[in-house]
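Report on the following structure.
The values are calculated or read from the model by the stated rules, or taken from the named source; none is laboratory data. As the structure is a prediction and not an experimental result, all values here were calculated from the model. Quick reminder, even Gly has a Cβ in these numbers, built from the backbone with ideal geometry, and neighbours come from all protein chains shown. Just so you know, the surface numbers come from the protein's heavy atoms only, side chains and all, with ligands and any DNA or RNA stripped out. Shrake-Rupley method; radii C 1.70, N 1.55, O 1.52, S 1.80 Å.
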Amino acid sequence: MGRTGGNSIRLPGEIQAAASGHHIVLSIVARAADNNQSRFAVAYSTNEVGNSGWRWFDASAEWSVHTMEYDVPVMKDGRGDFAGILADGKDHPGTEFCYLAITIS
């Protein structure tokens, strides 16, 4: 329902239904572009009953896994869940991503 300055990935309905009312771990593999250091944030949004807020990470020149956890509220109407990625801004180098996974427990 709202816009951000980042990018979002709409998750399949099966993930939304499975995550509803459960604990999730969102993992993303990232590295700083140009062998430098960068910052980025990720978020999980239900687009309806809450979101994790942006969780910030520092990326180095080496590929590494960054994880965040979130207790997903129970959905009401199921308007679609999203994973969001936000860059740190114009004054910082870019970040490369190669993998995103959501584990539901």
Leaving out ligands, DNA and RNA, what percent of the accessible area of the chain is carbon and sulfur, probe 1.4 Å? 47 percent
Given Cβ point charges of +1 (Lys, Arg) and -1 (Asp, Glu) and nothing else, what value in debye, to the nearest 20, does the dipole of the chain about its Cα centre take? 240 debye
So what's the gap between the Cα centers of the range 23-44 and the range 58-105, to the nearest angstrom? 6 Å
Asserting the computed 222 nm helical MRE of the chain (DSSP H runs at least 4 long, -39500 (n - 2.57) per run, divided by residue count, to nearest 500) equals -1500 deg cm²/dmol
Dipole axis of the range 31-71 (+1 Lys, Arg; -1 Asp, Glu on Cβ), positive-most option in SER64, GLN37, SER52: GLN37
So what J values fall out for the range 9-21 if you push phi through Karplus, 6.51 cos²θ - 1.76 cosθ + 1.60 with θ = phi - 60°, rounded to Hz, Gly and Pro as x? 10, 6, 7, x, x, 5, 5, 4, 5, 5, 7, 3, x
